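Step one of this worksheet: look at the structure below.
The values are calculated or read from the model by the stated rules, or taken from the named source; none is laboratory data. If you're wondering where the values come from, they're calculated on a predicted model, not measured in any experiment. Methodologically, a virtual Cβ is constructed for each residue, glycine included, from the backbone with ideal geometry; neighbour enumeration extends over all protein chains shown.
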Amino acid sequence: MLYWFNPFVWIAFREMRLDREIACDIAVLNSLDEHCYAEYGNAIINFVDRASQPRNFVLANQLNSSKEQIKKRIEKIASFTTESKLLKLKSIAIFMLVGVFVVSQAPLVSVMVDDNNRYDFKNERTAYEDLSEYFVGFEGSFVLYNLKADQYSIYNENKSKLRVSPDSTYKIFSALFGLESNVITNENSTIKWNGIKYPYVSWNMNQNLSTAMKNSVTWYFQDLDKRINLDKMQAYLNQIGYGNCNLSGGIGQYWIESSLKVSPVEQVQLLKAFYTNQFGFEEKNVRTVKDAIILEEKDGVRLSGKTGTGSVNNKNINGWFIGYVEIKDNTYFFATNIQNEGNTNGSKAAEITLSILRDKGIYYSYLPGNKNSI
């Protein structure tokens, strides 16, 4: 009701109707000889004059335009001139130039989008190796960084720079941001269960940072997002340079097969910066997150990390395992990403990673099963 009685709506309709009638007049004039222009204008005037006289029965449609609108139509008809050949040529030339410009920008736009989906990584201290035997049935990449030697080892250079959704691996930094913004604290990180029934029994209870990270409780970290708010979250991502820093997917969703994307190389670099606290965050907050992602510790060797699984249309298409191995005098940072058409997950990425680390003599897993696998 408010819409139809809005005076601005009626004004807009009236102007659109006038524009339509003038366009029709121009179309007619373009089909006439120049000496017929005046006759066309007179025909409209005569029609208006007759329409103003009362009649009992009329088959023709009436002109519903106001006197002011009829006046504007007559003025347009009186001033109408056809385009000269030169003007037509100029119009065609301008149209063609605009078309060429638009077409020429398409590759540039494509390159810009592609650049945003890829990380520009160049490091002289990088060794590329063939680990395809570990990735049978998957497209993927493995990145390893030796802190002491300051050297990268990479399988599949192309995939190592391709940005994809971080999925649950992002929870490491979600936890850090929650602590930095005092949404949770080192002493009290408990968030009450919202009562929604989830498919995992371990999710259906109150959670603290330790249990939420261990069981990869997505609702806990989505709640952190909401409490921190989008603007502050954007500032944190910009501060640490997390992938493409794109939060357009919305609070609580941007890191789950959505807008935020990061490459395996960046995952390793972010872990190293987190581990050495190059971001300048509170040291106690960094320590709290480090404790939360410990998976196994034995004989002075510690494995820490987080898996992630990305699902689209109920198909698991993206699998991550990122983390680091601490030994007596060195630390190795790693990131494995695997993809296929629906049979991949974080557990498989962890299995591949642990096989590679074992064969490199870096880490021998004692885990009875894959933890942290969502």
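Brief remarks on what is shown
- Odd one out for Ser216, checked against (1) without any contact (Cβ under 8 Å) to a residue 40 or more places away in the chain; (2) outside any helix (DSSP H, G or I): (1)
- Members of segment 342-356 found to be assigned to a helix (DSSP H, G or I) and either under 8 Å from Phe321 (Cβ atoms) or without any contact (Cβ under 8 Å) to a residue 40 or more places away in the chain (or both), listed by number: Gly346, Ala349, Ala350, Glu351, Ile352, Thr353, Leu354
- Some residue of segment 173-183 being at pLDDT 95 or above and either out of contact with any helix residue (DSSP H, G or I) (no Cβ under 9 Å at 6 or more places or on another chain) or not assigned by TED's automatic domain parsing to the domain that holds Ser248 (or both): yes
- Listed by position, the strands (runs of 3 or more DSSP E) enclosed by segment 125-206 that each have at least 2 residues that are without any contact (Cβ under 8 Å) to a residue 60 or more places away in the chain are 126-128, 151-155.
- Among residues of segment 105-124 being within 13 Å of Lys161 (Cα to Cα) and outside any loop (DSSP other than H, G, I, E, B), the one that is modelled with the highest pLDDT is Arg118.
- Per-region count, segment 310-343, residues over 22 Å from the mean Cα position of the chain (by Cα) and either under 22 Å from Ile293 (Cβ atoms) or surrounded by 15 or more Cβ atoms within 10 Å (Cβ to Cβ) (or both): 12
- Residue among Gly178, Gly140 that is under 19 Å from Glu351 (Cα atoms) and either surrounded by 23 or more Cβ atoms within 10 Å (Cβ to Cβ) or hydroxyl-bearing (Ser, Thr, Tyr) (or both): Gly140
One line per residue, one yes/no per condition, for (1) charged (D, E, K, R); (2) assigned to a helix (DSSP H, G or I); (3) not assigned by TED's automatic domain parsing to the domain that holds Ala350:
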residue: Leu271; (1), (2), (3): no, yes, no
residue: Arg302; (1), (2), (3): yes, no, no
residue: Gly305; (1), (2), (3): no, no, no
residue: Ser311; (1), (2), (3): no, no, no
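- The numbered conditions (1) surrounded by 18 or more Cβ atoms within 10 Å (Cβ to Cβ); (2) part of a strand (DSSP E or B) are all true for Glu296 except (1).
- Leu230 passes every criterion in (1) free of Cβ contacts under 8 Å to residues at least 40 places away in the same chain; (2) within 29 Å of Glu157 (Cα to Cα); (3) touching a Leu at 6+ places or on another chain (Cβ under 7 Å) apart from (2).
Residue-wise test of (1) outside the structural domain of Asn313 (by TED's automatic domain parsing); (2) among the small types (Gly, Ala, Ser); (3) touching a helix residue (DSSP H, G or I) at 6+ places or on another chain (Cβ under 7 Å).
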residue: Met213; (1), (2), (3): no, no, yes
residue: Ser216; (1), (2), (3): no, yes, yes
residue: Phe221; (1), (2), (3): no, no, yes
residue: Leu224; (1), (2), (3): no, no, yes
residue: Arg227; (1), (2), (3): no, no, no
residue: Cys245; (1), (2), (3): no, no, yes
residue: Gly249; (1), (2), (3): no, yes, no
residue: Tyr254; (1), (2), (3): no, no, no
residue: Lys261; (1), (2), (3): no, no, no
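- Residue within segment 239-262 that is part of a helix (DSSP H, G or I) and aromatic (Phe, Trp, Tyr) present: no
- In this structure, Tyr324 does not qualify as not assigned by TED's automatic domain parsing to the domain that holds Ile184 and not small (Gly, Ala, Ser).
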